[in-house]
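In what follows, a structure is listed as structure tokens, so that the remarks can point back to it.
Computed from the coordinates by the stated procedures, all read-outs in this text should not be read as laboratory data. Keep in mind that what you see is a predicted model, and the values were worked out from it rather than measured. Using ideal geometry, Cβ is built from the backbone for each residue, glycine included, and neighbour counts are taken over all protein chains shown.
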Amino acid sequence: MTTTAPSRPGPSGRADASVANDRGRTRFAQAAGIVAQREIMMQLRSKAFIISTLITLALVFGAVLFSSFGPALFDEDTEVATTSEIAPTLEAIDGLAVVPTDDADAVRDAVRDGSVDAGVIAGDGPSGLTVVGDREADSGLIQLLSVTPDVELLDPNAPDPLLTYFIGLAFGLVFFMSAMTFGQTIAQSVVEEKQSRIVEIMLATVPARAILAGKVIGNSVLAFGQIALIAAVTLIGGALTGSQLLLDGLGMPIVWFVVLFTVGFIMLAALYAAAAALVSRAEDLGSATSPLIFLVMIPYFLVIVFNNNPLALQIMSYVPFSAPVAVPMRVYLQTTEWWEPYLSLGVLVLFTVLVIGVAARIYERSLLKTGSMVKWRDALKA
Amino acid sequence: MLSIRSISRSFKGHQALKDVTFDVRDGLMTGFVGANGAGKTTAMRIILGVLSPDAGEVLVDGRPVTADDRAQFGYMPEERGLYPKMKVHEQLVYLGRLHGVSSARAAARADELLEQLGLTERRDDKLESLSLGNQQRAQIAAALVHEPTALVLDEPFSGLDPMAVETTLGVLRDVARTGAPVLFSSHQLDLVERLCDSLVILAHGQVRAAGTREQIRAAHTRPEWLLETDDAGFVRGIPGIEVIDFDGGHVRFAADSDAHADRVLREALERGTVRSFAPSIRPLTEIFQEVVR
């Protein structure tokens, strides 16, 4: 046949029409690359993806700006009405706007009609002053006028618990949202191929593992890109507002977050792809991916509850699912030895490799099974 | 040439294919016929390597098929599938690239196919916005974009209007003309009879008949002739002849050999005017119903 075949028309000009030829199969890496490229391109073209990314970035930038300018907006001087004798004493104190009035009654009137926050008149007590309030005296003002005992701080640089809480919340939230968004994206893309049966055409030419690799790489690149953008916006916002907190305290934690998130996401993406391969219809995705949603939510909740518990954070930093959130928190709180984040990263990488192996097995075996959902256990069985 | 050798496959106790053997020869259109559930789709999936057989093998030019060979096959699955939200031309290029064709060549080939199939105006439309018939054409283009060295198409004509059948047929013939083996399944026996150079009839997972139309006819029917003359009653008396149908001047008979049939003709000419004498060709549908039973 090879020698007698008529020459092939069309652009190929291939005269050899034998079934076998030397063109060969697309190499694994190349096939994965083509699949990854499609995943990325389809997302970048999706308006919903672009808009939600821009909104997220705007929110993050807003939060950073607010954290440095926000408090100043509410930090107004307390307006205090007082008599002319006391006015010089009060004017010497920072944080008070003194409104001089004629006498004690005028001070009371000013407080009563709300034109000032509080009033100060002469009194009999040891301080010689009486604070006038409407229903309650301004506690800040009382503090300013009180004699404070000396304070000795043992750890003046320890992180503010409230701030710690919010930083934990922020890491948890970003992890949770990105993992969910891109996890669902990869799951949908797997089920789309399964449902439309295009996967049959693909499997006839490239191995299932190349398709899986392409999907995981494509979506991980997107997730990494989005997280890196969020990190960049946070750091740039911090630099613009001169926020020392961001520049000194949060720089390294954010870097660790991006690194660990990227590896952690690869693991989650592989799991999402495997879960999606178990079902044949987009409607069944919810039940297949719900165990994963728990895995993603656990670090989010734990970091909120345990953001001030060093032991819990230490344990979490060696659990692959929560490491991306726990390690940056520990770096921020400076409760780690220098090598601990690297160890966490190592554990995470090892675990990810294992998970990818299992996920690839499930994916490969379930891709052509249609009908009702394949059980995890059946998909793993030989 | 694609050769399917002694392939068996069962699913959960149900034997879908039993020792199936047939050839798909280069440059020929081979029709794959059988009732629903006869095992056509399973056999096609095994050829493509999407399923693996329990026993048996697929050969290409006499040696076992490799993944590299399969990557060059064109395949149209039974359940149609392309990305609903991707543009037609774009996904053809994507599939071409997965099959190892360069972007530029895949793009050129995709345009050429869309032109041939009358889809040029829909080139940049999303697949889901196309009518079902046009989606089907896009599906055919998807099987051809990488200039396959063999074609396996599961029901390529179902859902196509007669015009589209002709266009598609033209495209498939072009592929066969390049020397590639083409295997396609169909329920429409009349279509298969008209289009195919060769046939494989499958029933209950087994090959019941295979070969060219003529070979199948020869294997499954005694040759029959039709004679029209003034009075055909004499035919009954000729040895080696079995009258099947008789109505005055019209007779259909089976003969043990051409020589026996010739004797009938000679005798008829001696007795009167022969208005017509011809072999009676049974439609394949009849044979099909007989062999799948």
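What is the distance in Å between the Cα centroid of the range B:96-112 and that of the range B:192-242? The range B:96-112 and the range B:192-242 have Cα centres spaced 46 Å from each other.
Sorting check: for A:47-53, A:61-67, which peptide has the highest mean count of neighbouring beta carbons within 10 Å, and how do the rest follow?
On the way: A:47-53: 12.3, A:61-67: 16.0.
Averaged packing, sorted descending, gives the order A:61-67, A:47-53.
Of all beta bridges DSSP finds with both residues in the protein assembly as shown, what is the antiparallel percent, to the nearest 5? Present the calculation step by step, with values, prior to reporting the outcome.
Values: 42 of 67 bridges.
Antiparallel: roughly 65 percent of the beta bridges in the protein assembly as shown.
The separation of the range A:308-382 from the range B:20-72, counted between C-alpha centres, amounts to 42 Å.
Give me the percent of DSSP beta bridges within chain B that run antiparallel, rounded to the nearest 5. Walk me through the numbers on the way to the answer.
Values: 38 of 54 bridges.
Rounded to the nearest five, the antiparallel share is 70 percent.
Contact order, relative form, for the range B:238-293: 22 percent (alpha carbon pairs under 8 Å, 6 or more residues apart, mean separation divided by residue count). Between beta-carbons, use under 14 Å as the cut-off and find the net charge around B:Arg222, counting Lys and Arg +1, Asp and Glu -1. In short, -4. Dipole orientation for the protein assembly as shown: of the candidates B:Gly62, A:Ser372, A:Ala277, B:Gly62 has the Cα lying most toward the positive pole (charges on Cβ; Lys, Arg +1; Asp, Glu -1). A straight Cα-to-Cα reach below 19 Å connects B:Lys85 with the lysines A:Lys47, A:Lys194, A:Lys215, B:Lys126, residues fewer than 8 places away in its own chain not being considered. Applying the criteria of a DSSP loop state and at most 15 other Cβ atoms within 10 Å to the trypsin sites (Lys or Arg not before Pro) of the range A:335-379 yields A:Lys375. Note on A:201-211: average number of Cβ atoms from other chains within 10 Å of each residue's Cβ is 6. Based on Cα contacts under 8 Å between residues 6+ apart, chain A shows a relative contact order of 18 percent. May I ask for the angle, rounded to the nearest 10°, between helix B:258-271 and the longest principal axis of chain B, with both axes built from Cα atoms and the value confined to 0 to 90°? That works out to roughly 50 degrees. Listed from fewest to most Cβ neighbours within 10 Å, the set A:Asp103, B:Asp174, B:Asp161, A:Asp94 follows the order A:Asp94, B:Asp161, A:Asp103, B:Asp174.
A:Phe28 to A:Ala97: extension gain in nm, 0.36 nm per residue of separation minus the Cα-Cα distance?
On the way: separation 69, 0.36 × 69 = 24.84 nm, distance 7.29 nm.
Additional length available on full extension: 17.6 nm.
Ignoring lysines fewer than eight residues from B:Lys18 along the same chain, the ones with Cα atoms less than 16 angstrom from its Cα are B:Lys40.
Could you grab the relative contact order for the range B:2-212? Cα pairs under 8 Å, six or more apart, rounded to a whole percent. Write down the numbers at each step before the final one.
Values: 410 pairs, mean separation 69.0, N = 211.
It comes to 33 percent, rounded to a whole number.
GNM on chain B, alpha-carbon springs under 10 angstrom: the most fluctuating residue among B:Pro283, B:Pro84, B:Pro239 is B:Pro239. Here's how it looks for B:Tyr75: its modeled amide H is under 5 Å from those of B:Val152, which are all 5 or more places away or on a different chain.
If I take R0 = 30 Å and measure r between the Cβ atoms of B:Asp161 and A:Lys47 in this structure, what FRET efficiency does the formula 1/(1 + (r/R0)^6) give, to the nearest 0.05? According to the calculation, E is roughly 0.25.
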